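*Asks:* Take this structure first; my questions come after.
The values are calculated or read from the model by the stated rules, or taken from the named source; none is laboratory data. These numbers were taken from a predicted model, which means no experiment stands behind them. Virtual Cβ from ideal backbone geometry, glycine too; neighbours counted across all protein chains shown.
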Amino acid sequence: MNLGRFEEERKAMVELLRRRGIKDENVLRAMEKVPRHLFVPEAFIHYAYDDSALPIGCSQTISQPYTVAYMTEALEVKPGDKILEVGTGSGYQAAILAEMGAQVFTIERYEELLKTALETLSKLGYKVIGTVGDGSIGWSEFAPYDGIIVTAAAPKLPKSLVKQLKVGGRLVIPIGDLDVQELYIVKKIDENKLSIKKKFGFKFVPLIGKEGWSENTSRNNGK
């Protein structure tokens with residue numbers, strides 16, 4: 001498969017996202033530029049620009065392009081924003097945020113995934129800071145954040161993440177059971193008040209950690 005084909009498939013993917021209702025041109029431009037095929041295992045490279053999630057190892061997935069676009073649009077990213085990503089995965093979501101001019105901090109529970117993702121991001125020229133840890137409690141060292149995006153499903157809204165969000169900042173996180181979730185779009189009005197909008201019909205791998213699902217719950221569900 002040659003580069004020209006990848007470029008055509010990427011443009012077709014973006015047009016599909018536009019037809020599905022993604023309106024933020026900054027998001028669409030970033031997704032047209034970032035080479036998603038470099039973030040998927042070679043065995044799935046022919047499906048890199050399909051609108052579907054793909055396995056990346058460690059029982060994790062790279063989210064479908066529509067989900068990435070929708071969550072990024074909901075985050076309302078501006079150049080210079082400090083963004084915390086919970087769940088590095090393949091690194092693709094971090095690349096989109098970095099391409100949009102955000103300062104990205106990412107936390108991943110699997111060292112193997114983080115290492116591969118940071119290597120790919122570095123090769124593409126994206127400066128992303130990452131660490132291995134429990135994403136459900138965030139990364140307080142660099143808080144507060146203009147935005148927090150969580151790419152795994154939580155059973156409830158993690159208080160630690162809300163605390164690490166700036167006043168006026170936004171948190172995008174899937175919340176629900178292990179089968180289907182609502183996407184919460186949370187805006188921090190002040191230290192004691194949140195505005196929450198919800199969109200139903202998403203499915204993510206579980207967020208494992210102190211303020212997420214337990215390892216046993218996840219394992220028993222076959223995730």
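*Asks:* Go through (1) of a type outside the set (Gly, Ala, Ser); (2) at pLDDT below 95; (3) buried (at least 22 other Cβ atoms within 10 Å of the Cβ) for Val180 and report which single condition fails.
*Replies:* Only one criterion is unmet by Val180, namely (3).
To keep it simple, each residue is scored yes or no on (1) free of Cβ contacts under 8 Å to residues at least 12 places away in the same chain; (2) among the β-branched types (Val, Ile, Thr); (3) within 17 Å of Gly87 (Cα to Cα).
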position	(1), (2), (3)
Ile148	no, yes, yes
Ala153	no, no, yes
Pro158	no, no, yes
Lys166	no, no, no
Ile173	no, yes, yes
Asp177	no, no, no
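*Asks:* Now for a separate question. Out of all the residues in region 202-223, is one or more in contact with a strand residue (DSSP E or B) (Cβ under 8 Å, 6 or more places away or on another chain), of a type in the set (Lys, Arg), under 20 Å from Ile62 (Cα atoms) and surrounded by fewer than 18 Cβ atoms within 10 Å (Cβ to Cβ)? Can you show your working first?
*Replies:* Taking region 202-223 and keeping what is in contact with a strand residue (DSSP E or B) (Cβ under 8 Å, 6 or more places away or on another chain), we get 202-207, 211-215, 217-218, 221, 223.
If we keep only those that are of a type in the set (Lys, Arg) as well, we get 203, 223.
Narrowing further to those that are under 20 Å from Ile62 (Cα atoms): 203, 223.
Narrowing further to those that are surrounded by fewer than 18 Cβ atoms within 10 Å (Cβ to Cβ): 203, 223.
Yes, because at least one residue in region 202-223 is in contact with a strand residue (DSSP E or B) (Cβ under 8 Å, 6 or more places away or on another chain), of a type in the set (Lys, Arg), under 20 Å from Ile62 (Cα atoms) and surrounded by fewer than 18 Cβ atoms within 10 Å (Cβ to Cβ).
*Asks:* Restricting region 1-36 to residues that are assigned to a helix (DSSP H, G or I) and touching a His at 6+ places or on another chain (Cβ under 9 Å), which is surrounded by the most Cβ atoms within 10 Å (Cβ to Cβ)? Show your work before the answer.
*Replies:* Narrowing region 1-36 to residues assigned to a helix (DSSP H, G or I): 3-19, 25-33, 36.
Now drop any that are not touching a His at 6+ places or on another chain (Cβ under 9 Å), which leaves 6, 9-10.
On the way: Phe6: 17, Glu9: 18, Arg10: 20.
Ranking the qualifying residues of region 1-36, first place goes to Arg10.
*Asks:* Just a yes or no: is a residue in region 39-46 surrounded by 17 or more Cβ atoms within 10 Å (Cβ to Cβ) and closer than 21 Å to Gly130 by Cβ? Break it down into steps so the answer makes sense when it comes.
*Replies:* Just the residues of region 39-46 that are surrounded by 17 or more Cβ atoms within 10 Å (Cβ to Cβ), to begin with: 39-40.
Narrowing further to those that are closer than 21 Å to Gly130 by Cβ: 39-40.
Yes.
*Asks:* Right, here's the next one. Of Gly209, Gly201, Gly138, Gly168, which residue is of a type outside the set (S, T, N, Q), on the phi > 0 side of the Ramachandran plot and touching a Phe, Trp or Tyr at 6+ places or on another chain (Cβ under 9 Å)? Show your work before the answer.
*Replies:* Numbers: Gly209 fails: touching a Phe, Trp or Tyr at 6+ places or on another chain (Cβ under 9 Å); Gly201 fails: touching a Phe, Trp or Tyr at 6+ places or on another chain (Cβ under 9 Å); Gly168 fails: touching a Phe, Trp or Tyr at 6+ places or on another chain (Cβ under 9 Å).
Only one candidate qualifies: Gly138.
*Asks:* Read through the list (1) closer than 23 Å to Glu108 by Cβ; (2) at pLDDT below 95, then give the number of the only condition that Val162 fails.
*Replies:* (2)
*Asks:* Let me ask something additional. With touching a residue at least 24 places away in the same chain (Cβ under 8 Å) and among the basic types (Lys, Arg) as the only criterion, which of Lys115, Lys198, Lys188, Lys193 stands out?
*Replies:* Lys188
*Asks:* Can you tell me how many residues in region 124-136 are touching a residue at least 40 places away in the same chain (Cβ under 8 Å) and outside any strand (DSSP E or B)?
*Replies:* So in region 124-136, the residues touching a residue at least 40 places away in the same chain (Cβ under 8 Å) come out as 124, 130, 134-136.
The next check asks that each one be outside any strand (DSSP E or B); those that pass are 124, 134-136.
Number satisfying all stated conditions: 4.
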